[in-house]
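I have placed the structure first, in the form of structure tokens, so that the comments after it can refer back to it.
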Ligand SMILES: [Zn+2]
């Protein structure tokens, strides 16, 4: 899937889940928590593709996510790709093909998804102010890049960096640590998992069962059968799926915010 579809799917899953939690489990969140969770989940849904490196010196190539903060994120993608490739090479069996790059390997596994979620919460609760600010800044930047792709491409990385910096600071000021920080980790983890599902339905598949060996292969790519798979950037993705994600976002947001808005209008009459 393309970056913008991944981000939109992350936002849809988070908003839909938030609505379901409020509706069926009586778990309610403040508008700020909902907004931040949605953004972080959308950003998290781009994170696994940070394993696709481009050309740092020319500022080209890489996935959407690698362009969020200009050359800095392109360089990060380079490092993530190399580390992923090293993990692949170190853990592959003789039946796994040799690879020349690390795309769709370690960052596309369940252990990465769960690990990055725990790591986020741990860093926020243990790392103090700068860790929280750094994580918020990074994740909100990814969300902006993913959700407002066309604008971001035009405007470049500087406005994204400034806006996510400001939003991160405000969020830091108003987000309660006790409920907010565990929520950030969950949002990052859920976002990554939604990304895996998105790649799962495209032709290439993901190493969903790693590190469990399947047929003496550690890195078997698992996806839906080819006849059912969605081609990247095709009509099914850009029209049908994106339309569906947008609809879920709007419906869930309306259901979550609607009653409060109605109450405000009806009180005093
Ligand atoms: Zn991917």
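Springs join every pair of Cα atoms under 10 Å in this Gaussian network model of the chain, and among 12, 77, 20 the largest mean-square fluctuation is at 20. Taking other C-beta atoms within 10 Å as the exposure proxy, 65, 239 rank 239, 65 from fewest upward.
What the Cβ-Cβ distance of residue 203 and residue 266 gives, at R0 = 41 Å and to the nearest 0.05, is a FRET efficiency of 0.20.
Converting the Cα gyration tensor eigenvalues of segment 61-169 into ellipsoid dimensions via √(5λ) gives semi-axes, longest first, of 28, 19, 10 Å.
Compactness of segment 157-218 was expressed as the Cα radius of gyration divided by 2.2 N^0.38 Å, which yields 1.69.
Relative to the longest principal axis of the Cα atoms of the chain, the long axis of helix 157-174 lies at roughly 50 degrees.
Diffusion coefficient of the chain by Stokes-Einstein, Kirkwood radius over Cα pairs, 10 °C, 1.306 mPa s: 82 µm²/s.
In plain terms, the residue of 91, 107, 113 with the fewest other Cβ atoms within 10 Å comes first and the most crowded comes last, giving 91, 113, 107.
Once the Cα-Cα distance is subtracted from the 0.36 nm per residue extended length, the residue 131 to residue 224 segment shows a gain of 29.6 nm. Legend: calculated FRET efficiency, residue 150 to residue 35, from the Cβ-Cβ distance at R0 = 25 Å, rounded to 0.05, equals 0.70.
Once both axes come from the Cα atoms, what is the angle between helix 242-266 and the longest principal axis of the chain, in degrees from 0 to 90, rounded to 10? Between helix and principal axis, roughly 20 degrees. Ranked by how many other Cβ atoms sit within 10 Å of their own Cβ, fewest first, the residues 179, 145, 217 fall in the order 179, 217, 145. Taking every DSSP helix (H) stretch of at least 4 residues in the chain, weighting each as -39,500 (n - 2.57) and dividing the sum by the residue count yields a mean residue ellipticity at 222 nm of -21500 deg cm²/dmol.
Mind checking the angle between helix 128-147 and the chain's longest principal axis? C-alpha axes, 0 to 90 degrees, to the nearest 10. Taking Cα atoms only, the helix is inclined about 80 degrees. Measuring r between the beta carbons of residue 247 and residue 82 and using R0 = 41 Å, the FRET efficiency lands at 0.55.
Within the listed set 232, 80, 194, the residue fluctuating most in the Gaussian network model of the chain (springs between alpha-carbon atoms under 10 angstrom) is 232. Across the alpha-carbon set of segment 166-269, the Rg to Rh ratio works out to 1.14, Rh being the Kirkwood radius. Springs between alpha-carbon pairs under 10 angstrom, Gaussian network model over the chain: which of 37, 141, 234 fluctuates most? With Cα springs under 10 Å in the chain, the top fluctuation among 37, 141, 234 is at 234.
Since every read-out is calculated from the coordinates, none of them should be taken as a lab result. Note that the coordinates shown come from a computational prediction; the quantities given were computed from them, not determined experimentally. When we count neighbours, we look across all protein chains shown, and the Cβ atoms used for this are built from the backbone with ideal geometry, even at glycine.
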